[in-house]
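Peer 1: Here it is, the structure in full.
The values are calculated or read from the model by the stated rules, or taken from the named source; none is laboratory data. Treat the numbers as computed from the prediction; the structure is a model and nothing was measured. For neighbour counting, all protein chains shown are included, and Cβ atoms are generated from backbone atoms with ideal geometry for every residue, glycine included.
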Amino acid sequence: MKNIKIVGLFTLLLAVNLTMAQQASPPGYVSVSGSIDGIGKCYMGREISGVMGWQGASWLEREKREREERTDLLLDALALQPGMVVADIGAGTGYLSRRMAPLVMPGGKIIALDLQPEMVNILQTGVKLSGLTQIEVKLGSVDNIKLPKNSIDVAIMVDVYHELAYPYEIMSSIMQALKPRGRIVFVEYKAEDVRVPIKPLHKMSEAQIKREASIFALEWERSVSSLPWQHVVIFRKLI
């Protein structure tokens, strides 16, 4: 009985702390002289990079991608289970969505979401050709993923978060869509490794990812650094 009371008190205090955090003013955006790869806007000390447009879709499907990025290791790290609903945010051509889809069956679903209408058209074509009916394609907006409350088990962003023009608003909408104890997975090119052949603004350090996640009701679960170019940083929604 005593343990039950302690757990109940902890839950109450956590709820109070989260409510206070949500009432605090969100971090603001700061205008700067944009670098060649940025949009002239900073968030929490980081200049936001420009978006890789739909015109670069072929790069997402390049033959060398599996070898360069080891998507198989990423899939292992995700530990997806049958029945899960996974939102692939910034899904692009659906490269990862198609690989995740078999892992959530039977009973699961991949919501492949992108913010560019042209990319969504490419995505829809690829999904149709794949025959993977458990992939649902959706168009989001620059500041909202537009998914129902408590509707997803996992949200994953692969080389996407650093390009979001409104990271706070997108994260807020993800938090709404996540079920209690759902996971958010950031996959970003390693800023700590100068050997990774990606432009600096298209990389993020693990420390910066954790800093930006810390303003939400999330707890860090684990980080995976076994991929050649990227790290995988995983958080869980607290309630």
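Peer 1: Please find, within the range 160-192, the residue that is surrounded by the fewest Cβ atoms within 10 Å (Cβ to Cβ) out of those that are part of a helix (DSSP H, G or I) and aromatic (F, W, Y).
Peer 2: Taking the candidates together, the pick is Y168.
Peer 1: Right, something else. Give the residues of the range 105-148 that are in a helix (DSSP H, G or I) and of a type in the set (S, T, Y), sorted by residue number.
Peer 2: T125, S130
Peer 1: Does the range 51-71 contain at least one residue that is under 22 Å from A177 (Cβ atoms) and either among the small types (G, A, S) or without any contact (Cβ under 8 Å) to a residue 24 or more places away in the chain (or both)?
Peer 2: Taking every residue of the range 51-71 in turn, none turns out to be under 22 Å from A177 (Cβ atoms) and either among the small types (G, A, S) or without any contact (Cβ under 8 Å) to a residue 24 or more places away in the chain (or both).
Peer 1: Related question: Kindly provide the set of residues from the range 94-153 that are surrounded by 15 or more Cβ atoms within 10 Å (Cβ to Cβ) and of a type in the set (D, E), ordered by number.
Peer 2: Result: D114, D143, D153.
Peer 1: Restricting to the range 76-108, give me the number of residues that are within 22 Å of P197 (Cα to Cα) and of a type in the set (A, V, I, L, M, F, W, C).
Peer 2: 2
Peer 1: I would also like to ask the following. Could you please find all residues in the range 35-64 being at pLDDT 95 or above, among the basic types (K, R) and either closer than 24 Å to V224 by Cα or in a helix (DSSP H, G or I) (or both)?
Peer 2: Correct list: R46 only.
Peer 1: Here is a follow-up. I'd like to check something: does the range 149-159 contain any residue that is acidic (D, E) and part of a strand (DSSP E or B)?
Peer 2: For the range 149-159, residues acidic (D, E) and part of a strand (DSSP E or B): present.
Peer 1: Which members of the range 198-210 meet the condition of being surrounded by 15 or more Cβ atoms within 10 Å (Cβ to Cβ) and among the basic types (K, R)?
Peer 2: K203, K210
Peer 1: Suppose the filter is aromatic (F, W, Y) and surrounded by 13 or more Cβ atoms within 10 Å (Cβ to Cβ); does W54 pass it?
Peer 2: Yes, satisfied.
Peer 1: Report the residue count in the range 139-181 for those that are under 16 Å from V232 (Cα atoms) and out of contact with any helix residue (DSSP H, G or I) (no Cβ under 8 Å at 6 or more places or on another chain).
Peer 2: Qualifying residue count for the region: 2.
Peer 1: Within the range 175-193, which residues are touching a Lys or Arg at 6+ places or on another chain (Cβ under 9 Å) and in contact (Cβ under 8 Å) with a residue 60 or more places away in the chain?
Peer 2: M175, A177, listed by residue number.
Peer 1: Also, I was wondering about something else. If we keep just the residues of the range 74-88 that are out of contact with any strand residue (DSSP E or B) (no Cβ under 8 Å at 6 or more places or on another chain) and outside any loop (DSSP other than H, G, I, E, B), which is farthest from S130 (Cα to Cα)?
Peer 2: Here the answer is D76.
Residues checked against (1) touching a strand residue (DSSP E or B) at 6+ places or on another chain (Cβ under 8 Å); (2) touching a residue at least 12 places away in the same chain (Cβ under 8 Å); (3) not basic (K, R):
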{"position": "D114", "(1), (2), (3)": "yes, yes, yes"}
{"position": "G126", "(1), (2), (3)": "no, yes, yes"}
{"position": "G131", "(1), (2), (3)": "no, no, yes"}
{"position": "K149", "(1), (2), (3)": "no, yes, no"}
{"position": "D159", "(1), (2), (3)": "yes, yes, yes"}
{"position": "E163", "(1), (2), (3)": "yes, yes, yes"}
{"position": "I170", "(1), (2), (3)": "yes, yes, yes"}
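Peer 1: Could you give every pair whose Cβ atoms fall below 6 Å, whose first residue belongs to the range 89-104 and is outside any helix (DSSP H, G or I), and whose second residue is at pLDDT 95 or above and of a type in the set (S, T, Y), counting only separations of at least 6 or pairs across chains?
Peer 2: Short answer, once both residue conditions are applied: A91/S97.
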